[in-house]
Amino acid sequence: MVSRTKNRISFSKPIRTLVAQRAGYRCSFPDCDRLTVGPGIDRTKSACIGIAAHIYSAAPKGPRGYGGLTDSEIRSPENAIWLCPDHAALIDKNDGNEYPPEKLQIFKIMHENRISLELRGLDSEPKWVKEVRVISSPLFVNNIKIDLARLTFIVGLNQSGKTALCEWIAAGVYPHYLERWSSLPKGRDRVSIEVEYHYYGLHTVAVSFMRKDRPEYYLDSDPTRIPTAPVKIIFPQNMRIVRYDEEPSDIDLIARLMNLHTYEIQSLVEELRQMDSGYFTETYTKESEGHVMLFVKEEGSRSSDAVLFRMLGDSTCARFLMELGILAAKRFSTLYPTILILDSDFWRLDLHWANRYVELLASPEIGFQTIITVGPGRVEFDDIKWIGWNVFRLHGTPPSVTVRKGFHTTESTSTD
Ligand SMILES: [Zn+2]
(Lines give C-alpha, C1' and ligand atoms only; values in the text may rest on other atoms or scores of the structure.)
Protein backbone atom coordinates (compact mmCIF):
# COMPACT_ATOMS: atom_id res chain seq x y z
CA MET A 1 0.00 0.00 0.00
CA VAL A 2 2.71 2.39 1.04
CA SER A 3 4.82 1.95 -2.06
CA ARG A 4 1.80 2.20 -4.31
CA THR A 5 0.80 5.51 -2.77
CA LYS A 6 4.37 6.65 -3.16
CA ASN A 7 4.38 5.75 -6.86
CA ARG A 8 1.03 7.30 -7.58
CA ILE A 9 1.23 10.27 -9.89
CA SER A 10 -1.45 12.90 -9.35
CA PHE A 11 -2.62 15.78 -11.47
CA SER A 12 -1.76 19.25 -10.22
CA LYS A 13 -4.55 21.64 -9.34
CA PRO A 14 -4.05 23.85 -12.43
CA ILE A 15 -4.23 20.76 -14.64
CA ARG A 16 -7.41 19.54 -12.91
CA THR A 17 -8.97 22.98 -13.47
CA LEU A 18 -7.89 22.99 -17.10
CA VAL A 19 -9.39 19.56 -17.75
CA ALA A 20 -12.62 20.53 -15.95
CA GLN A 21 -12.96 23.73 -17.95
CA ARG A 22 -12.32 22.00 -21.25
CA ALA A 23 -15.14 19.61 -20.33
CA GLY A 24 -17.45 22.51 -19.42
CA TYR A 25 -17.44 21.07 -15.85
CA ARG A 26 -19.68 18.27 -17.12
CA CYS A 27 -19.11 14.52 -17.03
CA SER A 28 -17.51 13.23 -20.26
CA PHE A 29 -19.08 9.77 -20.04
CA PRO A 30 -21.41 9.23 -23.04
CA ASP A 31 -24.97 10.42 -22.36
CA CYS A 32 -24.19 11.38 -18.74
CA ASP A 33 -23.41 15.09 -19.07
CA ARG A 34 -23.90 15.57 -15.32
CA LEU A 35 -22.97 19.02 -14.07
CA THR A 36 -20.08 18.82 -11.59
CA VAL A 37 -19.90 22.38 -10.29
CA GLY A 38 -22.40 24.61 -8.48
CA PRO A 39 -23.21 26.44 -5.26
CA GLY A 40 -21.40 25.34 -2.10
CA ILE A 41 -22.72 24.95 1.42
CA ASP A 42 -22.28 28.56 2.44
CA ARG A 43 -22.98 31.54 0.28
CA THR A 44 -19.35 32.36 -0.33
CA LYS A 45 -18.33 28.91 -1.65
CA SER A 46 -18.77 26.79 -4.73
CA ALA A 47 -18.76 23.00 -4.81
CA CYS A 48 -17.08 20.78 -7.38
CA ILE A 49 -17.78 17.05 -7.40
CA GLY A 50 -16.04 16.20 -10.69
CA ILE A 51 -12.90 14.10 -10.92
CA ALA A 52 -9.96 14.31 -13.31
CA ALA A 53 -9.59 10.57 -13.86
CA HIS A 54 -6.48 9.00 -15.32
CA ILE A 55 -6.72 7.60 -18.83
CA TYR A 56 -3.51 5.65 -18.29
CA SER A 57 -3.23 4.79 -14.61
CA ALA A 58 -1.62 6.92 -11.94
CA ALA A 59 0.19 3.89 -10.56
CA PRO A 60 2.04 1.14 -12.48
CA LYS A 61 -0.38 -1.48 -11.12
CA GLY A 62 -3.46 0.71 -11.53
CA PRO A 63 -6.48 -0.33 -13.60
CA ARG A 64 -5.22 0.65 -17.03
CA GLY A 65 -1.48 0.41 -16.50
CA TYR A 66 1.15 2.93 -17.48
CA GLY A 67 0.98 2.22 -21.21
CA GLY A 68 4.69 2.89 -21.49
CA LEU A 69 4.22 6.57 -20.69
CA THR A 70 6.75 8.71 -18.86
CA ASP A 71 5.89 10.32 -15.51
CA SER A 72 5.36 13.70 -17.10
CA GLU A 73 3.04 12.18 -19.71
CA ILE A 74 1.05 10.47 -16.94
CA ARG A 75 0.47 13.80 -15.22
CA SER A 76 -0.16 15.78 -18.39
CA PRO A 77 -3.66 17.13 -19.14
CA GLU A 78 -3.84 14.84 -22.19
CA ASN A 79 -3.97 11.90 -19.79
CA ALA A 80 -7.00 13.19 -17.86
CA ILE A 81 -10.71 12.80 -18.49
CA TRP A 82 -13.30 14.77 -16.52
CA LEU A 83 -15.98 12.56 -14.95
CA CYS A 84 -18.71 12.61 -12.30
CA PRO A 85 -17.95 10.49 -9.20
CA ASP A 86 -20.20 7.62 -10.37
CA HIS A 87 -18.49 7.28 -13.73
CA ALA A 88 -15.03 7.79 -12.27
CA ALA A 89 -15.75 4.75 -10.07
CA LEU A 90 -17.32 2.79 -12.93
CA ILE A 91 -14.34 3.02 -15.28
CA ASP A 92 -12.00 1.56 -12.63
CA LYS A 93 -14.19 -1.48 -11.93
CA ASN A 94 -12.92 -4.92 -13.06
CA ASP A 95 -9.40 -3.50 -13.25
CA GLY A 96 -10.56 -1.08 -15.91
CA ASN A 97 -10.92 -3.89 -18.47
CA GLU A 98 -14.16 -2.55 -19.90
CA TYR A 99 -12.72 0.91 -20.32
CA PRO A 100 -9.30 0.72 -21.96
CA PRO A 101 -7.43 4.03 -22.49
CA GLU A 102 -8.41 4.19 -26.16
CA LYS A 103 -12.10 4.07 -25.27
CA LEU A 104 -11.72 6.82 -22.66
CA GLN A 105 -9.85 8.96 -25.18
CA ILE A 106 -12.80 8.65 -27.55
CA PHE A 107 -15.22 9.64 -24.75
CA LYS A 108 -13.07 12.64 -23.99
CA ILE A 109 -12.72 13.72 -27.62
CA MET A 110 -16.45 13.41 -28.31
CA HIS A 111 -17.27 15.39 -25.18
CA GLU A 112 -14.74 18.17 -25.80
CA ASN A 113 -15.92 18.43 -29.39
CA ARG A 114 -19.51 18.77 -28.20
CA ILE A 115 -18.55 21.42 -25.63
CA SER A 116 -16.56 23.26 -28.29
CA LEU A 117 -19.62 23.34 -30.58
CA GLU A 118 -21.85 24.50 -27.73
CA LEU A 119 -19.35 27.23 -26.92
CA ARG A 120 -19.75 28.51 -30.47
CA GLY A 121 -23.54 28.40 -30.21
CA LEU A 122 -23.78 25.42 -32.59
CA ASP A 123 -25.80 22.23 -32.37
CA SER A 124 -23.89 19.99 -29.97
CA GLU A 125 -25.55 16.60 -30.52
CA PRO A 126 -22.83 13.94 -30.81
CA LYS A 127 -22.16 13.06 -34.45
CA TRP A 128 -19.83 10.14 -34.68
CA VAL A 129 -19.40 6.84 -36.54
CA LYS A 130 -19.10 4.23 -33.83
CA GLU A 131 -18.49 0.99 -35.64
CA VAL A 132 -18.31 -0.73 -39.02
CA ARG A 133 -19.24 -4.39 -39.33
CA VAL A 134 -18.40 -6.51 -42.35
CA ILE A 135 -21.06 -9.19 -42.14
CA SER A 136 -19.89 -11.03 -45.24
CA SER A 137 -17.55 -10.33 -48.13
CA PRO A 138 -15.47 -12.14 -50.75
CA LEU A 139 -12.22 -11.25 -48.95
CA PHE A 140 -12.67 -11.46 -45.17
CA VAL A 141 -13.94 -14.04 -42.72
CA ASN A 142 -17.53 -13.23 -41.75
CA ASN A 143 -18.63 -10.81 -39.02
CA ILE A 144 -15.68 -8.50 -38.65
CA LYS A 145 -16.07 -5.54 -36.31
CA ILE A 146 -14.09 -2.32 -36.53
CA ASP A 147 -14.75 0.38 -33.97
CA LEU A 148 -13.65 3.75 -35.21
CA ALA A 149 -11.66 6.16 -33.06
CA ARG A 150 -10.89 9.69 -34.12
CA LEU A 151 -8.02 8.21 -36.09
CA THR A 152 -8.14 4.59 -37.23
CA PHE A 153 -5.27 2.86 -38.96
CA ILE A 154 -5.92 -0.16 -41.16
CA VAL A 155 -2.58 -1.92 -41.49
CA GLY A 156 -2.01 -4.70 -43.99
CA LEU A 157 0.05 -6.00 -46.89
CA ASN A 158 -0.88 -5.32 -50.50
CA GLN A 159 -3.92 -7.31 -51.65
CA SER A 160 -5.08 -7.88 -48.07
CA GLY A 161 -8.27 -5.89 -48.64
CA LYS A 162 -7.47 -2.43 -47.24
CA THR A 163 -8.84 -0.50 -50.22
CA ALA A 164 -11.83 -2.84 -50.43
CA LEU A 165 -12.68 -2.14 -46.81
CA CYS A 166 -12.56 1.62 -47.46
CA GLU A 167 -14.85 1.21 -50.46
CA TRP A 168 -17.37 -0.81 -48.45
CA ILE A 169 -17.45 1.79 -45.69
CA ALA A 170 -18.00 4.53 -48.29
CA ALA A 171 -20.72 2.38 -49.90
CA GLY A 172 -22.79 2.81 -46.74
CA VAL A 173 -23.41 6.31 -48.09
CA TYR A 174 -22.51 6.20 -51.80
CA PRO A 175 -23.54 3.06 -53.75
CA HIS A 176 -21.13 3.72 -56.63
CA TYR A 177 -18.22 2.53 -54.46
CA LEU A 178 -19.65 -0.97 -54.90
CA GLU A 179 -19.18 -0.94 -58.67
CA ARG A 180 -15.98 -2.95 -58.55
CA TRP A 181 -17.85 -5.71 -56.68
CA SER A 182 -20.70 -6.05 -59.14
CA SER A 183 -18.73 -8.25 -61.52
CA LEU A 184 -18.26 -11.18 -59.14
CA PRO A 185 -19.59 -14.48 -60.50
CA LYS A 186 -23.27 -15.09 -59.79
CA GLY A 187 -23.97 -17.07 -56.67
CA ARG A 188 -20.91 -15.80 -54.86
CA ASP A 189 -21.37 -13.58 -51.83
CA ARG A 190 -20.56 -10.03 -52.58
CA VAL A 191 -20.67 -7.56 -49.74
CA SER A 192 -22.85 -7.00 -46.72
CA ILE A 193 -21.87 -4.30 -44.25
CA GLU A 194 -23.33 -2.29 -41.39
CA VAL A 195 -22.30 1.16 -40.19
CA GLU A 196 -23.41 2.23 -36.72
CA TYR A 197 -23.38 5.95 -35.94
CA HIS A 198 -24.49 8.57 -33.40
CA TYR A 199 -26.85 11.16 -34.84
CA TYR A 200 -29.67 12.13 -32.52
CA GLY A 201 -29.45 8.65 -31.05
CA LEU A 202 -27.67 5.52 -32.20
CA HIS A 203 -28.55 4.26 -35.69
CA THR A 204 -27.38 1.60 -38.13
CA VAL A 205 -27.26 1.79 -41.89
CA ALA A 206 -26.82 -1.55 -43.65
CA VAL A 207 -25.96 -2.21 -47.26
CA SER A 208 -26.38 -5.67 -48.64
CA PHE A 209 -25.10 -6.38 -52.13
CA MET A 210 -25.50 -10.11 -52.33
CA ARG A 211 -27.13 -12.05 -55.13
CA LYS A 212 -29.22 -9.24 -56.61
CA ASP A 213 -28.02 -6.91 -59.35
CA ARG A 214 -28.09 -3.85 -57.14
CA PRO A 215 -27.33 -3.09 -53.49
CA GLU A 216 -30.16 -2.97 -50.97
CA TYR A 217 -30.16 -0.45 -48.13
CA TYR A 218 -31.62 -0.57 -44.64
CA LEU A 219 -31.88 2.09 -41.96
CA ASP A 220 -32.34 0.65 -38.47
CA SER A 221 -33.44 -2.62 -40.16
CA ASP A 222 -36.12 -1.00 -42.36
CA PRO A 223 -35.54 -1.30 -46.14
CA THR A 224 -34.92 2.13 -47.69
CA ARG A 225 -33.88 1.22 -51.28
CA ILE A 226 -31.47 4.15 -51.42
CA PRO A 227 -28.82 5.13 -48.81
CA THR A 228 -30.35 7.52 -46.29
CA ALA A 229 -27.71 7.75 -43.56
CA PRO A 230 -26.83 11.36 -42.68
CA VAL A 231 -23.13 10.46 -42.79
CA LYS A 232 -20.52 12.19 -44.96
CA ILE A 233 -17.53 10.38 -46.37
CA ILE A 234 -14.62 12.16 -48.00
CA PHE A 235 -12.57 9.61 -49.90
CA PRO A 236 -10.12 11.30 -52.31
CA GLN A 237 -9.19 9.11 -55.26
CA ASN A 238 -5.88 8.70 -57.02
CA MET A 239 -5.17 11.05 -59.93
CA ARG A 240 -4.67 8.09 -62.23
CA ILE A 241 -8.34 7.15 -62.27
CA VAL A 242 -9.15 10.12 -64.53
CA ARG A 243 -7.70 10.73 -67.97
CA TYR A 244 -6.68 14.36 -68.17
CA ASP A 245 -8.30 14.96 -71.53
CA GLU A 246 -11.63 13.86 -70.03
CA GLU A 247 -11.49 16.74 -67.56
CA PRO A 248 -9.74 19.73 -69.13
CA SER A 249 -10.53 21.98 -66.15
CA ASP A 250 -8.51 21.37 -62.98
CA ILE A 251 -11.39 22.27 -60.69
CA ASP A 252 -13.64 19.70 -62.44
CA LEU A 253 -10.86 17.14 -62.22
CA ILE A 254 -10.48 17.68 -58.46
CA ALA A 255 -14.25 17.64 -57.98
CA ARG A 256 -14.32 14.21 -59.58
CA LEU A 257 -11.41 12.90 -57.51
CA MET A 258 -13.04 14.16 -54.31
CA ASN A 259 -16.63 13.19 -55.19
CA LEU A 260 -17.68 16.80 -54.43
CA HIS A 261 -19.26 19.56 -56.49
CA THR A 262 -17.20 22.08 -58.49
CA TYR A 263 -18.53 24.95 -56.36
CA GLU A 264 -17.45 23.17 -53.20
CA ILE A 265 -13.96 22.67 -54.63
CA GLN A 266 -13.68 26.35 -55.61
CA SER A 267 -14.56 27.45 -52.11
CA LEU A 268 -12.26 24.84 -50.51
CA VAL A 269 -9.35 26.02 -52.66
CA GLU A 270 -9.97 29.57 -51.47
CA GLU A 271 -10.02 28.37 -47.87
CA LEU A 272 -6.84 26.33 -48.38
CA ARG A 273 -5.02 29.52 -49.28
CA GLN A 274 -5.71 30.84 -45.78
CA MET A 275 -4.89 27.62 -43.92
CA ASP A 276 -2.02 28.31 -41.52
CA SER A 277 -0.68 24.81 -41.12
CA GLY A 278 -1.06 24.10 -44.82
CA TYR A 279 1.70 22.81 -47.04
CA PHE A 280 0.82 25.05 -49.96
CA THR A 281 1.85 28.67 -49.80
CA GLU A 282 0.01 29.77 -52.89
CA THR A 283 -2.99 28.60 -54.86
CA TYR A 284 -4.70 30.48 -57.65
CA THR A 285 -6.81 29.78 -60.70
CA LYS A 286 -6.39 31.07 -64.23
CA GLU A 287 -8.72 30.74 -67.16
CA SER A 288 -7.27 29.46 -70.39
CA GLU A 289 -9.32 28.62 -73.47
CA GLY A 290 -12.44 28.36 -71.33
CA HIS A 291 -10.89 25.94 -68.81
CA VAL A 292 -10.08 26.77 -65.21
CA MET A 293 -6.48 25.85 -64.45
CA LEU A 294 -5.25 25.62 -60.89
CA PHE A 295 -1.72 26.63 -59.92
CA VAL A 296 -0.17 25.76 -56.59
CA LYS A 297 3.11 26.49 -54.90
CA GLU A 298 4.59 24.12 -52.35
CA GLU A 299 6.18 25.23 -49.12
CA GLY A 300 9.94 25.59 -49.54
CA SER A 301 9.81 25.15 -53.30
CA ARG A 302 12.82 26.70 -54.98
CA SER A 303 11.15 27.76 -58.13
CA SER A 304 9.45 31.12 -57.99
CA ASP A 305 6.68 29.93 -60.24
CA ALA A 306 3.64 28.06 -59.07
CA VAL A 307 3.06 24.67 -60.71
CA LEU A 308 -0.01 23.57 -62.64
CA PHE A 309 -2.02 21.17 -60.48
CA ARG A 310 -1.89 18.31 -62.95
CA MET A 311 1.88 18.57 -63.25
CA LEU A 312 2.41 17.87 -59.54
CA GLY A 313 4.14 14.66 -58.48
CA ASP A 314 2.00 11.88 -57.00
CA SER A 315 2.78 12.55 -53.35
CA THR A 316 2.38 16.33 -53.63
CA CYS A 317 -0.92 15.85 -55.39
CA ALA A 318 -2.01 13.43 -52.65
CA ARG A 319 -1.08 16.00 -50.02
CA PHE A 320 -3.08 18.67 -51.80
CA LEU A 321 -6.16 16.44 -51.98
CA MET A 322 -5.65 15.51 -48.34
CA GLU A 323 -5.59 19.15 -47.24
CA LEU A 324 -8.75 19.81 -49.23
CA GLY A 325 -10.22 16.67 -47.67
CA ILE A 326 -9.44 17.92 -44.15
CA LEU A 327 -11.14 21.24 -44.87
CA ALA A 328 -14.17 19.55 -46.42
CA ALA A 329 -14.48 17.08 -43.53
CA LYS A 330 -14.20 19.93 -41.04
CA ARG A 331 -17.11 21.73 -42.69
CA PHE A 332 -19.38 18.68 -42.88
CA SER A 333 -18.62 17.51 -39.35
CA THR A 334 -20.47 20.37 -37.67
CA LEU A 335 -23.65 18.94 -39.21
CA TYR A 336 -23.04 15.24 -39.86
CA PRO A 337 -20.93 12.30 -38.67
CA THR A 338 -18.01 12.60 -41.10
CA ILE A 339 -15.17 10.29 -42.10
CA LEU A 340 -12.10 11.23 -44.09
CA ILE A 341 -10.60 8.15 -45.74
CA LEU A 342 -6.95 8.29 -46.79
CA ASP A 343 -6.02 5.17 -48.69
CA SER A 344 -2.38 6.08 -48.54
CA ASP A 345 -0.80 2.97 -50.04
CA PHE A 346 -2.70 3.70 -53.17
CA TRP A 347 -0.86 7.00 -53.33
CA ARG A 348 2.47 5.92 -51.83
CA LEU A 349 1.98 8.88 -49.54
CA ASP A 350 4.84 9.90 -47.33
CA LEU A 351 3.47 9.07 -43.91
CA HIS A 352 5.52 11.63 -42.04
CA TRP A 353 2.67 13.96 -42.85
CA ALA A 354 0.97 12.51 -39.78
CA ASN A 355 3.23 14.32 -37.33
CA ARG A 356 2.58 17.55 -39.10
CA TYR A 357 -1.17 17.32 -38.84
CA VAL A 358 -1.33 16.01 -35.27
CA GLU A 359 -2.07 19.40 -33.77
CA LEU A 360 -4.79 20.05 -36.27
CA LEU A 361 -6.41 16.62 -35.94
CA ALA A 362 -6.16 16.76 -32.14
CA SER A 363 -7.96 20.06 -31.72
CA PRO A 364 -11.46 19.73 -30.22
CA GLU A 365 -12.89 21.80 -33.07
CA ILE A 366 -12.18 18.83 -35.33
CA GLY A 367 -15.24 16.66 -35.11
CA PHE A 368 -14.54 14.30 -37.99
CA GLN A 369 -12.90 10.89 -37.96
CA THR A 370 -10.07 9.73 -40.18
CA ILE A 371 -9.28 6.27 -41.53
CA ILE A 372 -5.79 5.73 -42.90
CA THR A 373 -4.61 2.58 -44.62
CA VAL A 374 -0.91 1.73 -44.47
CA GLY A 375 1.51 -1.07 -45.22
CA PRO A 376 3.01 -2.81 -42.17
CA GLY A 377 5.78 -0.99 -40.32
CA ARG A 378 5.25 2.28 -42.12
CA VAL A 379 3.87 4.52 -39.42
CA GLU A 380 5.51 6.25 -36.50
CA PHE A 381 2.72 6.27 -33.97
CA ASP A 382 4.41 7.79 -30.97
CA ASP A 383 3.58 11.40 -31.62
CA ILE A 384 -0.06 10.81 -32.26
CA LYS A 385 -1.02 8.79 -29.21
CA TRP A 386 -3.15 11.54 -27.72
CA ILE A 387 -5.53 12.12 -30.51
CA GLY A 388 -7.48 8.93 -29.91
CA TRP A 389 -6.53 6.21 -32.33
CA ASN A 390 -7.23 2.57 -33.01
CA VAL A 391 -5.18 0.21 -35.12
CA PHE A 392 -6.52 -2.79 -37.01
CA ARG A 393 -4.20 -5.24 -38.67
CA LEU A 394 -5.28 -7.43 -41.56
CA HIS A 395 -3.81 -10.93 -41.53
CA GLY A 396 -3.94 -13.78 -44.01
CA THR A 397 -5.07 -13.86 -47.63
CA PRO A 398 -8.50 -13.59 -49.29
CA PRO A 399 -11.07 -15.07 -48.89
CA SER A 400 -10.19 -15.57 -45.23
CA VAL A 401 -8.46 -12.37 -44.14
CA THR A 402 -8.88 -11.77 -40.41
CA VAL A 403 -8.72 -8.47 -38.55
CA ARG A 404 -6.92 -8.03 -35.25
CA LYS A 405 -7.09 -4.97 -33.07
CA GLY A 406 -3.85 -3.62 -31.68
CA PHE A 407 -3.28 -0.55 -29.59
CA HIS A 408 0.31 -0.13 -28.60
CA THR A 409 1.59 -0.14 -32.09
CA THR A 410 5.29 0.27 -31.45
CA GLU A 411 5.37 -2.85 -29.27
CA SER A 412 3.03 -4.95 -31.36
CA THR A 413 4.84 -4.14 -34.60
CA SER A 414 7.86 -5.98 -33.28
CA THR A 415 5.84 -8.98 -32.08
CA ASP A 416 3.69 -9.29 -35.19
ZN1 LIG B 1 -21.16 10.77 -15.32
Could you list, in sequence order, all residues of the range 29-52 that are part of a loop (DSSP other than H, G, I, E, B), among the hydrophobic types (A, V, I, L, M, F, W, C) and either away from the ligand (no atom under 14 Å from the Cβ) or not assigned by TED's automatic domain parsing to the domain that holds ARG16 (or both)?
ILE41
Counting just the residues of the range 7-28 that are more than 20 Å from ASP86 (Cβ to Cβ) and either in contact with a Pro (Cβ under 9 Å, 6 or more places away or on another chain) or not in a loop (DSSP other than H, G, I, E, B) (or both), which one comes out farthest from the ligand (Cβ to nearest atom)?
ASN7
Does LEU139 satisfy the criteria of being more than 18 Å from ARG22 (Cα to Cα), at pLDDT below 90 and away from the ligand (no atom under 16 Å from the Cβ)?
no
Taking only the range 9-48 into account, find how many residues are surrounded by 15 or more Cβ atoms within 10 Å (Cβ to Cβ) and either aliphatic (A, V, I, L, M) or more than 24 Å from PRO126 (Cβ to Cβ) (or both).
10
Quick one: would you say ILE51 is surrounded by 18 or more Cβ atoms within 10 Å (Cβ to Cβ), more than 26 Å from GLU131 (Cα to Cα), modelled with pLDDT of 90 or more and of a type outside the set (Asp, Glu)?
yes
Could we say that ASP71 is under 24 Å from GLY406 (Cα atoms) and either more than 16 Å from the ligand (Cβ to nearest atom) or within 25 Å of the chain's Cα centre (by Cα) (or both) here?
yes
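A quick yes/no check of all residues on (1) basic (Lys, Arg); (2) surrounded by fewer than 22 Cβ atoms within 10 Å (Cβ to Cβ); (3) more than 18 Å from the chain's Cα centre (by Cα):
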residue: PHE140; (1), (2), (3): no, no, yes
residue: ILE144; (1), (2), (3): no, yes, yes
residue: ASP147; (1), (2), (3): no, yes, no
residue: ILE154; (1), (2), (3): no, no, no
residue: THR163; (1), (2), (3): no, yes, no
residue: SER192; (1), (2), (3): no, yes, yes
residue: VAL207; (1), (2), (3): no, no, yes
Does ALA171 satisfy the criteria of being under 19 Å from ASN259 (Cβ atoms) and surrounded by 19 or more Cβ atoms within 10 Å (Cβ to Cβ)?
yes
Tally the residues that are surrounded by fewer than 16 Cβ atoms within 10 Å (Cβ to Cβ) and in contact (Cβ under 8 Å) with a residue 24 or more places away in the chain, restricting the search to the range 121-134.
4
Tell me whether the range 104-120 contains one or more residues that are part of a helix (DSSP H, G or I), without any contact (Cβ under 8 Å) to a residue 12 or more places away in the chain, closer than 17 Å to GLY62 by Cα and assigned by TED's automatic domain parsing to the domain that holds GLY62.
no
Restricting attention to the range 80-96, does a residue exist that is free of Cβ contacts under 8 Å to residues at least 24 places away in the same chain and either surrounded by 21 or more Cβ atoms within 10 Å (Cβ to Cβ) or more than 16 Å from the ligand (Cβ to nearest atom) (or both)?
yes
Just to be sure I understand the filter: pairs with C-beta atoms under 8 Å, separated by 6 or more residues or on different chains, first member in the range 154-179 and at negative phi, second member assigned to a helix (DSSP H, G or I) and acidic (Asp, Glu). Which pairs pass?
ASN158/ASP345; LYS162/ASP345; THR163/ASP345; TYR177/GLU167; LEU178/GLU167
Quick check on my filter: what residues within the range 97-120 are under 23 Å from PRO14 (Cβ atoms) and within 13 Å of the ligand (Cβ to nearest atom)?
LEU104, PHE107, LYS108, HIS111
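Residues checked against (1) small (Gly, Ala, Ser); (2) outside any loop (DSSP other than H, G, I, E, B):
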| residue | (1), (2) |
| --- | --- |
| ALA164 | yes, yes |
| ALA170 | yes, yes |
| GLU179 | no, yes |
| LEU184 | no, no |
| VAL195 | no, yes |
| PRO236 | no, no |
| ASP245 | no, yes |
| PRO248 | no, no |
Would you mind finding the one in TYR66, TYR56 that is assigned to a loop (DSSP other than H, G, I, E, B) and at pLDDT 80 or above?
TYR56
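The values are calculated or read from the model by the stated rules, or taken from the named source; none is laboratory data. Every value quoted in this text rests on a predicted model; they were computed, and no experiment measured them. Backbone-built Cβ (ideal geometry, glycine too); neighbour counts: all protein chains shown.
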